[in-house]
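For reference, the structure is listed below as structure tokens.
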Amino acid sequence: MTPRDCVNPMSNQFHVVAAKSELSEGKQLPVELDGEEILLCQHQNQYYAIANYCSHDRLSLEGGTFENGCIVCPYHGAEFNLEDGAVMAPPAYEGIKTYPIRVDADTLSVCATPHAAKPDE
Ligand code: FES
């Protein structure tokens, strides 16, 4: 799947990146916003927008499995919390960025400015 460009990216605002119908439960959708590759995820009826790279070897997280609110990297098994990007299992030891996502009736919108990192990261 090829990441798609977002029309009219601007910082600190939400931008429509996909139709809601493009992302069903348990699925992922790579998009690009403001030069960043972002992976949209739907897990347990919640929507998430996370950086589409693993902090271990900078490989794509697309194709990783969802387990208990985390995405498991398809390469070496590192786990990241979908909500805040915190690393939950090695071999990665740094978290990943997560982005605010807005779910409207027909669209998914993402803010180009990621959530602030936790103080202990
Ligand atoms: S690239 Fe993700 S765990 Fe190694």
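Filtering Asn81, Asn68 for residues that are among the polar types (S, T, N, Q) and farther than 23 Å from Phe14 by Cβ leaves a single hit, Asn68.
When residues in segment 96-108 are screened for being crowded, with 16+ Cβ neighbours inside 10 Å and under 12 Å from the mean Cα position of the chain (by Cα), 5 of them pass.
For residues that are of a type in the set (D, E, K, R) and under 9 Å from the mean Cα position of the chain (by Cα), tally how many sit in segment 48-66. Total meeting the criteria: 0. Of the strands (runs of 3 or more DSSP E) entirely within segment 54-114, those holding at least 3 residues that are touching a residue at least 60 places away in the same chain (Cβ under 8 Å) and within 25 Å of Val16 (Cβ to Cβ) occupy 101-103, 107-111. Every test in (1) within 15 Å of the ligand (Cβ to nearest atom); (2) in contact with an Asp or Glu (Cβ under 6 Å, 6 or more places away or on another chain); (3) of a type outside the set (S, T, N, Q) is passed by Ala112 save one, and that test is (1).
Could you please let me know if Pro74 is modelled with pLDDT of 95 or more and within 16 Å of Lys97 (Cβ to Cβ)? Explain how you work it out, then say what you get.
On the way: modelled with pLDDT of 95 or more: yes; within 16 Å of Lys97 (Cβ to Cβ): no.
For Pro74, the condition - modelled with pLDDT of 95 or more and within 16 Å of Lys97 (Cβ to Cβ) - is not met.
Considering segment 41-53, and only residues there that are in contact (Cβ under 8 Å) with a residue 24 or more places away in the chain and assigned to a loop (DSSP other than H, G, I, E, B), the residue that is farthest from the ligand (Cβ to nearest atom) turns out to be Gln44.
The values are calculated or read from the model by the stated rules, or taken from the named source; none is laboratory data. Because the structure is a prediction, the values reported are computed rather than measured. Note that we place each Cβ from the backbone using ideal geometry, even for glycine, and neighbour counts take in every protein chain shown.
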